[in-house]
Amino acid sequence: MIAHRWYFFGIFALSHLPFGVYGAEVSSFFPTGSVKQVQQVTVRFSADMIAMGDPRSKSDPFSVKCNVASNQQPTYGKRNKKLSTTEEKFTTRWADSKNWVLDFDKPLSSGVRCTFTLKSDTKDQTGKPLTGLAEYSFSTAGPGLLGIAPKYGNIEPEQYFVALTDGPINTTSVEERAYFEVEDLPDKVRVKVVNDKNRDAIIRAAIEDNWSWAAYKKLLEKKKRSEEIPELQSFIVLSAERRFPESRKVVFHWPVGILSKTGLAVEEAQHFDFKVIEPFEAQFTCERTAADRPCNPILNMNVQFSRRLSLRMLRGTKLIGDKGRTWTPVE
């Protein structure tokens, strides 16, 4: 009997709610959660929000704030909850009577969190207040790698790596989290962030050799120092804490947990595969009349290198005989 009383009470209560008191609600909001390279936000409502045929309406249903942690170098492993508003520029428009669109001037970098709050005076076309969630948000998470040089293949035992990131990085967290996995070595090889006088030259050399970074090459032609170019601050130079052993496979790991300068963490790991080159060797051969005889001076003498060398380097080589006679290579 008790259950039945509650049941009839529920029907009685619902039957006395005024019909049509609720207005439209947000049917879809995109994006949400953690996303990268966001440049557009789209919102669809369940009913008309503006007059049909008037997509130029300037009424925005949301107030928008894009925030970052105010501490520009947070302590690793800690989040600074104090937020400040960034200067993200955007425009808004109504695509039609139900769909509202926000376009950022450029894709958001990593480390940004945006919150969209329904304005208290937002109503649908019939004048009814909106129902459902009043706030939506997304973040661009921690810094991801848009590219790395070298990309793959052979590397030197003391290789520098130049990485292009999608936002400012907490370099302390890079050194504490990123690592190299080296074949036959039981322990991880730690990463060092290079900030010495060689950084500029390393970045320039990497951009010169990477066709996908051609746009940055044009910027370098206008300035003598890369530090003077804001667009190049997204590059980071890395090296290993120890020399890689020759002929071993190496995997560079960019793991979950690396922080942006704003305190947001990487949520999707990345890795890159390489192999350390074999030791450089040169082998001399010539024709002899007997194994214990010297080279036949009228026949070719050859020097074979274990890997390719540029013609410029070869032009400076020479063989010196025991009596001081020299031979230079013929192209």
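The values are calculated or read from the model by the stated rules, or taken from the named source; none is laboratory data. Bear in mind that the values here come from a model prediction, so they are computed numbers and not experimental data. Quick reminder, even Gly has a Cβ in these numbers, built from the backbone with ideal geometry, and neighbours come from all protein chains shown. The area values use the complete protein model at the heavy-atom level, side chains included, leaving out ligands, DNA and RNA. Shrake-Rupley method; radii C 1.70, N 1.55, O 1.52, S 1.80 Å.
Do we have any residue at all in region 274-290 that's touching a strand residue (DSSP E or B) at 6+ places or on another chain (Cβ under 8 Å), among the aliphatic types (A, V, I, L, M), in a strand (DSSP E or B) and buried (at least 16 other Cβ atoms within 10 Å of the Cβ)?
Checked against the condition, which is being touching a strand residue (DSSP E or B) at 6+ places or on another chain (Cβ under 8 Å), among the aliphatic types (A, V, I, L, M), in a strand (DSSP E or B) and buried (at least 16 other Cβ atoms within 10 Å of the Cβ), region 274-290 yields at least one hit.
Just to be sure before I move on: is Gln159 at pLDDT 95 or above and part of a loop (DSSP other than H, G, I, E, B) in the structure I sent? Working first, answer last.
On the way: at pLDDT 95 or above: yes; part of a loop (DSSP other than H, G, I, E, B): yes.
Yes: the conditions hold for Gln159.
Given the residues Val237, Val174, which is the only one that is touching a strand residue (DSSP E or B) at 6+ places or on another chain (Cβ under 7 Å), among the β-branched types (Val, Ile, Thr), within 30 Å of Glu88 (Cβ to Cβ) and part of a strand (DSSP E or B)?
None of the others qualify; the one that does is Val237.
Each row is one residue, and each column tells you yes or no for (1) in contact (Cβ under 8 Å) with a residue 60 or more places away in the chain; (2) part of a helix (DSSP H, G or I); (3) more than 29 Å from Lys36 (Cα to Cα).
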site	(1), (2), (3)
Ala201	no, yes, yes
Arg204	no, yes, no
Ser247	no, no, yes
His253	yes, no, no
Phe272	yes, no, no
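Can you tell me which residue in region 129-152 is farthest from Ala269 (Cα to Cα), limited to those that are part of a loop (DSSP other than H, G, I, E, B) and under 15 Å from the mean Cα position of the chain (by Cα)? Before the answer, list the steps.
Residues of region 129-152 that are part of a loop (DSSP other than H, G, I, E, B), as a first pass: 130, 132-134, 140-144, 150-152.
Pick out the ones that are also under 15 Å from the mean Cα position of the chain (by Cα) and you get 140-144, 151.
Working: Thr140: 14, Ala141: 12, Gly142: 11, Pro143: 10, Gly144: 8, Lys151: 16 Å.
Ranking the qualifying residues of region 129-152, first place goes to Lys151.
Please go through region 291-304 and pick out each residue that is touching a residue at least 12 places away in the same chain (Cβ under 8 Å) and either open to solvent by less than 100 Å² (accessible area, probe 1.4 Å) or in a loop (DSSP other than H, G, I, E, B) (or both).
Leu299, Asn300, Met301, Asn302, Val303
Could you count how many residues in region 111-163 are open to solvent by less than 20 Å² (accessible area, probe 1.4 Å) and among the aromatic types (Phe, Trp, Tyr)?
3
Just checking, how many residues over region 101-111 are in a loop (DSSP other than H, G, I, E, B) and touching an Asp or Glu at 6+ places or on another chain (Cβ under 7 Å)? First the steps, then the outcome.
If we filter region 101-111 for residues that are in a loop (DSSP other than H, G, I, E, B), which is where we start, we get 105-111.
Subset that is touching an Asp or Glu at 6+ places or on another chain (Cβ under 7 Å): 108-110.
Residues flagged as in a loop (DSSP other than H, G, I, E, B) and touching an Asp or Glu at 6+ places or on another chain (Cβ under 7 Å) within region 101-111 amount to 3.
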